[in-house]
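Before any comments, here is the structure.
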Ligand SMILES: Cc1cc2nc3c(=O)[nH]c(=O)nc-3n(C[C@H](O)[C@H](O)[C@H](O)COP(=O)(O)OP(=O)(O)OC[C@H]3O[C@@H](n4cnc5c(N)ncnc54)[C@H](O)[C@@H]3O)c2cc1C
């Protein structure tokens, strides 16, 4: 099976899911990586090291900043010239749009956010979770080429082979952008939860430490948020020691404790870390659907009957304001930090 893998990056910083896609493509047969943008020598080298036999590089300056029209036109042109059986992309905000537009141009379809993929001749049989992860669905794409976007961390990331090279082919795609990117501004808070190996999450319980005395002059809501910030500082310390990211329940986000970008669950992010530590989170179904595919779940909650314990491999009943700092200290010692 001939596979093209689109390497998704922001200014040369590659989404790790691209390498997972490359590893999967390699396991199916010859694989070419598609890299867009000028000055991408490091990305090209990394693509070879992660298993690409060939890199198709479109280094037109118009492909420096992502915009759907020129990127889709360029990808469609490359696919038309190469005639792959399968086009793999990591699932990101950009690639959902890009894959859909290119597949539309080619009168094909996209298998979206896959957690499994098997090959049968030149056909792929894809697995993806449906109904909030309660069922796994098998889907095939009857049109060609087949497009598939892969859920982050659902497929193994191959080990890079230092110094490995392959064929570098420069492709002329002459994109005609209809817009330019004037600049970027950092949002209030950015966190990459979908690629995180460890996530420490806080819920409404992070504001529940009555022994903390807020500064004078705060009203009740402001005092609650102040308390929650002390709680999330502890969550952040634990996440830092474990090189992880901070997640949150919707109650914590709605309460104004932490920005929405941290929310895990049905209306937040779906995450698949190796370790998920839920602190002061009850375990409502809408939260569970976002994290139940974590490999190991640890729950810390005052209430022994909290539903989160049904998902947890390790459950600790107690006050997070006592337990989280104690666990952080224990990890610091264990990891020599
Ligand atoms: C359409 C829809 C979509 C939704 N989407 C999401 C979503 O994406 N993500 C999400 O999370 N929710 C979502 N929700 C909300 C969800 O139903 C719950 O309301 C929410 O998850 C509850 O958050 P929580 O567990 O932090 O709060 P709570 O349910 O209030 O639980 C707080 C927990 O903290 C514990 N606790 C309190 N103090 C301490 C302490 N000091 N130490 C230890 N434990 C303590 C309590 O025992 C309790 O179990 C959605 C709801 C709807 C209707």
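Does the range 262-280 hold any residues that are farther than 17 Å from residue 132 by Cβ and in contact with a helix residue (DSSP H, G or I) (Cβ under 9 Å, 6 or more places away or on another chain), and which are they?
First, the residues of the range 262-280 that are farther than 17 Å from residue 132 by Cβ: 262, 273-275, 277-280.
Those that are farther than 17 Å from residue 132 by Cβ and in contact with a helix residue (DSSP H, G or I) (Cβ under 9 Å, 6 or more places away or on another chain): 262, 273, 277, 278, 279, 280.
Looking only at the range 246-268, residues that are within 12 Å of the ligand (Cβ to nearest atom) and not in a loop (DSSP other than H, G, I, E, B) come to 11 in all.
Among the residues making up the range 269-293, those that are more than 12 Å from the ligand (Cβ to nearest atom), surrounded by fewer than 24 Cβ atoms within 10 Å (Cβ to Cβ) and modelled with pLDDT of 95 or more are 274, 275.
The one condition from (1) touching a helix residue (DSSP H, G or I) at 6+ places or on another chain (Cβ under 6 Å); (2) within 14 Å of the ligand (Cβ to nearest atom); (3) in contact (Cβ under 8 Å) with a residue 40 or more places away in the chain that residue 332 does not meet is (2).
Which residue is nearest to the chain's Cα centre (by Cα), if the candidates are limited to the range 206-222 and must be buried (at least 17 other Cβ atoms within 10 Å of the Cβ) and not in a loop (DSSP other than H, G, I, E, B)? Give the derivation first.
Initially, the range 206-222 is screened for residues buried (at least 17 other Cβ atoms within 10 Å of the Cβ), giving 206-209.
Pick out the ones that are also not in a loop (DSSP other than H, G, I, E, B) and you get 206-207.
Details: 206: 25, 207: 28 Å.
Ranking the candidates gives 206 first.
Taken together, 324, 317 contain a single residue that is farther than 30 Å from residue 156 by Cα, surrounded by fewer than 16 Cβ atoms within 10 Å (Cβ to Cβ), within 14 Å of the ligand (Cβ to nearest atom) and modelled with pLDDT of 95 or more, which is 317.
One line per residue, one yes/no per condition, for (1) closer than 21 Å to residue 63 by Cα; (2) more than 20 Å from the chain's Cα centre (by Cα); (3) buried (at least 20 other Cβ atoms within 10 Å of the Cβ):
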position	(1), (2), (3)
1	no, yes, no
8	yes, no, yes
16	yes, no, no
24	no, no, yes
29	no, yes, no
32	yes, yes, yes
37	yes, yes, yes
45	yes, yes, no
48	yes, yes, yes
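Considering (1) at pLDDT below 95; (2) within 27 Å of residue 271 (Cβ to Cβ); (3) more than 17 Å from the chain's Cα centre (by Cα); (4) not in a strand (DSSP E or B), the lone condition that residue 154 does not fulfil carries the number (3). Against the list (1) in contact with a strand residue (DSSP E or B) (Cβ under 7 Å, 6 or more places away or on another chain); (2) touching a residue at least 24 places away in the same chain (Cβ under 8 Å); (3) more than 19 Å from residue 238 (Cα to Cα), the condition residue 271 fails is (3).
Of all residues in the range 92-143, those that are in a helix (DSSP H, G or I) and without any contact (Cβ under 8 Å) to a residue 12 or more places away in the chain total 3. Can you tell me which residue within the range 284-328, out of those that are in contact with a strand residue (DSSP E or B) (Cβ under 7 Å, 6 or more places away or on another chain) and part of a helix (DSSP H, G or I), is nearest to residue 207 (Cα to Cα)? If we take residues in the range 284-328 being in contact with a strand residue (DSSP E or B) (Cβ under 7 Å, 6 or more places away or on another chain) and part of a helix (DSSP H, G or I), then 320 is nearest to residue 207 (Cα to Cα). Taking residue 243 as the residue in question, decide whether it is within 19 Å of residue 316 (Cβ to Cβ) and more than 8 Å from the ligand (Cβ to nearest atom). So residue 243 fails the test.
The values are calculated or read from the model by the stated rules, or taken from the named source; none is laboratory data. Computed from a prediction, not measured in an experiment: that's the story for all the values here. Cβ sites come from the backbone with ideal geometry, for glycine too, and all protein chains shown count toward neighbours.
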